[in-house]
Amino acid sequence: MPNKNKNLNIGELQMKANDIRQDIINMLLEAKSGHSAGPLGLADVFTALYFKVLNHDPENPKWIGRDRLVLSCGHVCPVLYAALAESEYFPIEELMTLRKLGSRLQGHPHNLDLPGIENSSGPLGQGLSQAVGMALAAKLDHMQHRIYCVCSDGEQDEGQIWEALMMAGKRRLNNLTVILDRNNIQIDGFTEDVMPLEPLKEKYESFNWHVIEIDGNNIREVVDACNQAKAIYEKPTLIIAHTIPGKGVGFMEFNYKWHGMTPDKKQAEKALNDLRTMRGAIKSEHE
Amino acid sequence: MQTKSKTKNNTISDPIPSAEYVTPIADALDAQQIPTRDGYGQALLELGETNPDVVVLTGDLADSTRTLDFKNKYPERFFEMGVAEQNMMGVAAGLALAGKIPFVSSYATFSPGRSWDQLRVSVAYSKANVKIIGAHTGVSVGPDGATHQALEDVAIVRCLPNTTVILPADANQAKQATLAAAAVDGPVYIRLTRENTPVFIPAGAEFSIGKAQILKDGTDVAIIASGPVVYNALLAADILEKEGINAMVINNHTIKPLDSDTIIAVAKRCGAVVTLEEHQIMGGCGSAVCELLAQNYPVPVEMLGMHDSFGESGEPEQLIKKYGMDKDAVVEAVKRILKKK
């Protein structure tokens, strides 16, 4: 049956997000390359999506009526892989094969490799167009499922994004919800230094999108915004999810240097310790 | 020359290819003149009727890519994407991943030209069932000049894994290729042309992706050509025949997957090959033939096509002549290569 996890309460969802963050640290430590800050910052968004918002069935990944989650910024895939594993699309242990030879967990996601992956992404700006295509197909087929697309803010530099926005606005794709990870960092620094995006909300609105701004590290706000988007009948919706890059790991938070870096063993221990102690009930064995 | 090639031929044990679809030159000269893009448009109308999954996208080029009739008949399955080829290719991938069979229609310089990254990742890597239609290829685009004359499109598509690349020789074949592409599960590129060109492939000729057509038998040289310029190869073979040179003409309509068996067989039979295409000689039909023969059965090859240069404005026939893709250029190339045998 679709999404048996949907009955988790908010506290349980927060615990799940913490599990996903620990998965991410363990994966990156093992892989020794990849991105840290983005995936950690998005753990709450992906927990909300996979454990509350999406209609999906891990036992039947190709179920025709499933909501589609299109990841446009492929480099944050550790959070997607962790959310899929925690949803039981594949065994948790397989997360440790990330980026290794022969793994189904490619450095950037490949739709043909792993159940639950809807699209291939990596070169930025491509996922949103694919999401628009899926939304058009759903309309053509009179299907009721929704298309969710997760984009990064640095990705907004790509011209293709704005081509896709125009098309979605033109076709009034109300079955499309984009969640934009507004963490203000990209590889070369802060987004407003590299290529200013603001006023982002007004830009999207002028492209005929409905825009909601939320705290992207607040699971309740993510769920509420996704529900609100379902009630918008004449436009696609953008949810600007303000997130803290590296969220949950003190020394990574707000530091753009962790965008494209992974922790070494000592740093990973410290990161896991940060995450474990946030649970409150358990005192860390590392203290 | 003929004696020499026959001697060589006798040492070969492979079956000797012979013309499957003989094209009498007299008939060919009377052929109707229709652009290959018209065949594409006709096939779309047929597919609209027979296959509800077929959808068509264009980037502000509905009329000149011959998708207008489909738009008028099946408006709900037609998507006007505006002048935005990168998004068009990505949207097509999304439609395909949702079970549709999108035909992405533009000029080849724009798509797959500008949309190559999207073709690579969203389509080819993802094995999305997208059909990419590149119209207005070759110098025969004419007066619009170099910017609009796609001469690199075959190279940039055939180097991508999971792709099929087809160059129809005439309008009928473009229709056949379009219908065949719809039946293939995976990315297919079809290269079309703007100008009127002869409809000369015999009506009964069977079209099969990856199966080259031998249009004229011969033993001295094999002319392996792709696209409407195959006709020029036939005209050249007729001239050569009168001079006692027996040239074989092969319509190599599928560059990928290449018909290796036929090409190796004709190389063995003739001992010399001339390739002809309205494309850069780097990466197109000639390259594909040379890559195959160099590794399997090396014979002297002359490559006709664009030799590392852009096109320019002019009338199509002037440009085809200037850049050495007309019948006279083929005759000269054949004579050159016979000296190397």
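Computed values, structure above
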| read-out | value |
| --- | --- |
| For the stretch A:60-180: rounded, prolate or oblate by the Cα gyration tensor [a/c cutoff 1.5] | oblate |
| Lysine pairs in the stretch B:224-341 with Cα atoms under 25 Å, if 8 or more residues apart or on separate chains | 24 |
| Fraction of antiparallel bridges per DSSP, the protein assembly as shown only, in percent to nearest 5 | 15 percent |
| Where Cα atoms sit under 27 Å apart: lysine pairs in the stretch A:100-236 separated by 8 or more or lying on different chains | 13 |
| Simple spin-label estimate for A:R172 and B:D185 in nanometres, 7 Å along Cα-Cβ | 3.7 nm |
| Listed peptides B:180-192, A:52-64, A:72-84 by packing density, highest first (mean Cβ within 10 Å) | A:72-84, B:180-192, A:52-64 |
| Gain in span if fully extended, A:K139 to A:W63, counting 0.36 nm per residue against the direct Cα distance | 25.6 nm |
| From phi via Karplus (6.51, -1.76, 1.60), per-residue ³J(HN,Hα) for the stretch B:39-54 in Hz, x at Gly/Pro | x, 4, x, 5, 5, 4, 4, 5, 5, x, 6, 9, 10, x, 7, 6 |
| Net charge, A:V53 excluded, C-beta distance under 14 Å - Lys, Arg +1, Asp, Glu -1 | +4 |
| Computed label-point distance, nm, for sites B:H307 and A:E88 using a 7 Å Cα→Cβ extension | 6.9 nm |
| Among B:119-131, A:141-153, A:235-247, the order from most to least packed when residues are scored by Cβ within 10 Å on average | B:119-131, A:235-247, A:141-153 |
| Mean Cβ count within 10 Å, highest first, over the residues of peptides B:27-37, B:224-234 | B:224-234, B:27-37 |
| Calculated FRET efficiency for the pair A:K266/B:C159, C-beta based, R₀ 41 Å, to 0.05 | 0.40 |
| Nitroxide proxy distance, nm - points 7 Å out along Cα→Cβ at B:N51 and A:N208 | 3.0 nm |
| Convex hull projection area averaged over all views, the protein assembly as shown, Cα basis, nm² | 30.5 nm² |
| Peptide A:106-118 - average C-beta neighbours from other chains (10 Å radius) | 2 |
| Peptide-level mean, for A:149-162, of C-beta atoms on other protein chains within 10 Å | 1 |
| Theoretical gain in end-to-end length, B:D60 to B:I16 [0.36 nm per residue, Cα-Cα removed] | 11.0 nm |
| Placed amide H near A:I185: partners under 5 Å, 5+ positions off or other chain | A:T191 |
| Gap separating the Cα centres of the stretch B:222-258 and the stretch A:63-142, nearest whole Å | 47 Å |
| Nearest 10 degrees, 0 to 90: helix B:260-270 Cα axis against chain B principal axis | 20 degrees |
| Cα long-axis angle, helix A:126-140 against chain A (0 to 90 degrees, to the nearest 10) | 50 degrees |
| Angle between chain A longest axis and helix A:159-170 axis [Cα atoms, degrees, rounded to 10] | 50 degrees |
| Whole-Hz couplings from phi, Karplus 6.51/-1.76/1.60, listed for the stretch A:21-34; x for Gly and Pro | 5, 5, 4, 4, 4, 5, 5, 5, 4, 5, 6, 6, 8, x |
| Average other protein chain Cβ within 10 Å of Cβ, residues B:99-112 | 1 |
| Gyration tensor (alpha-carbon) shape descriptor, the stretch B:193-266, a/c threshold 1.5 | oblate |
| Cα gyration tensor shape of the stretch B:59-127, rounded if a/c is under 1.5, else prolate or oblate by comparing a/b with b/c | oblate |
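No lab work stands behind these numbers, since they all come straight from the coordinates. Remember, predicted model here, so these are calculated numbers, not experimental data. Methodologically, a virtual Cβ is constructed for each residue, glycine included, from the backbone with ideal geometry; neighbour enumeration extends over all protein chains shown.
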